[in-house]
Amino acid sequence: MQDAVTALIGRYDISGRYFDRDALDTLKSYFESGTTRVQAAAVITSNAAGIVKEAGLRLFDELPELIQPGGNAYTTRRYAACLRDMDYYLRYASYALVAGDKDVLDERVLEGLRDTYNSLGVPIGPTVQGIQIMKDLVRAQVIEAGIDAKGFLDEPFDYLSRQLSEQNI
Ligand SMILES: CCC1=C(C)/C(=C/C2=NC(=C\c3[nH]c(/C=C4\NC(=O)[C@H](C)[C@H]4CC)c(C)c3CCC(=O)O)/C(CCC(=O)O)=C2C)NC1=O
């Protein structure tokens, strides 16, 4: 698993180079955004349960067929599994936000997920919709907390959405 710093070091080490101007700029901007990343993650941490619950309610309000007979989130067990998945996406998004790198999402979340979802009939489109709802809720709460993280806050949510959609072949 890597973060913005180890990813950069890895790239430079491979070719035995010292950091150049580009690398130093990248490092500088990562460290400058560091406190904000941590503050945004703290907002997610302290509101996680509420965000997941609210996102679930909105999703099932927008797509009621998911929780009706024949829907993938129908039955208490599958409803709970769906919310648990949303909680996974939110928690790993907070990690990726702090790391400044998507590697943790590839390695811990996305790897093998398409096969699992396809074999269980978990619909990708609605899952992405749920992730986007969480993104909106997180953004609203982070703004409300007076934190300006708009340059990178959406990234992990959009990356998860994009990768899930692209993998839905
Ligand atoms: C941390 C990385 C990680 C992820 C991402 C993960 C996902 C994941 N979601 C699963 C199931 C599931 N996922 C959903 C999710 C949904 N159904 C819907 O209709 C909605 C659109 C959506 C919620 C937004 C459901 C309903 C199941 C249960 C499906 C079943 O057992 O039939 C399963 C199958 C095993 C299980 O039920 O626990 C996995 C592995 N597990 C992991 O360890």
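The values are calculated or read from the model by the stated rules, or taken from the named source; none is laboratory data. Only a predicted model underlies this, so the values are computations on that prediction, with no experimental measurement involved. Cβ: placed from backbone, ideal geometry, glycine included. Neighbour counts: every protein chain shown. Each accessible area value is taken on the protein alone, full model and side chains, heavy atoms only, with ligands, DNA and RNA left out. Shrake-Rupley method; radii C 1.70, N 1.55, O 1.52, S 1.80 Å.
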| Among rounded, prolate and oblate, which fits the range 31-87 when a ≥ b ≥ c are the square roots of the eigenvalues of its C-alpha gyration tensor, a/c under 1.5 means rounded, and a/b larger than b/c means prolate? | prolate
| message | Tell me which of Leu110, Ala81, Tyr92 sits at the most positive position along the dipole axis of the range 70-118, charges placed on C-beta atoms (Lys, Arg +1; Asp, Glu -1). | response | Ala81
| task | Rounded to the nearest Å, what's the spacing between the alpha carbon centres of the range 120-169 and the range 68-83? Just the number, please. | result | 21
| note | With x for Gly and Pro, the residue-by-residue ³J(HN,Hα) of the range 18-25, computed from phi through the Karplus equation 6.51 cos²θ - 1.76 cosθ + 1.60 at θ = phi - 60° and given in whole Hz, is 6, 4, 9, 4, 4, 4, 5, 4
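What FRET efficiency comes out for Ala48 versus Leu24 if R0 is 30 angstrom and r is the Cβ-Cβ distance? Round to the nearest 0.05. List each step's numbers first, then the result.
Numbers: r = 35 Å, r/R0 = 1.17.
Once rounded, the FRET efficiency stands at 0.30.
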| In square angstrom, rounded to the nearest 10, how much accessible surface does Met1 have for a 1.4 Å probe? | 130
| message | Need the list of lysines near Lys53 for cross-linking: C-alpha distance under 18 angstrom, and skip anything on the same chain fewer than eight residues off. | response | Lys135
| field | Full-stretch length increase - Ser119, Leu57 - with 0.36 nm per residue and alpha-carbon distance subtracted | value | 19.8 nm
| said: For a test of the definition: using alpha carbon positions, the gyration tensor, and the 1.5 limit on a/c, classify the range 1-130 as rounded, prolate or oblate. | reply: prolate
| query | Per-residue accessible area for Leu120 at 1.4 Å probe radius, Å² rounded to 10? | reply | 120
| field | Separation of the Glu32 and Thr75 label points, Cα + 7 Å toward Cβ, nm | value | 5.3
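When the solvent-accessible surface of protein heavy atoms is calculated with a 1.4 angstrom probe, in what order do Leu63, Leu164 fall, highest first?
Leu63, Leu164
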| task | Quote to one decimal, in nm, the extra length available between Ala7 and Glu144 on full extension: 0.36 nm per residue of separation minus the C-alpha distance between them. | result | 46.1 nm
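How large a share of the accessible area of the chain, in percent, is made up of carbon and sulfur atoms when the probe is 1.4 Å and the other protein chains stay in place?
Values: 5110 of 9660 Å².
Roughly 53 percent of what the probe reaches on the chain is carbon or sulfur.
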| said: Heavy atoms only, 1.4 Å probe, whole protein assembly: order Lys28, Lys135 by accessible area, highest first. | reply: Lys28, Lys135
| Under the rule of -39500 (n - 2.57) per DSSP H run of 4 or more residues, summed and divided by the residues of the chain, what mean residue ellipticity at 222 nm is obtained, to the nearest 500 deg cm²/dmol? | -24000 deg cm²/dmol
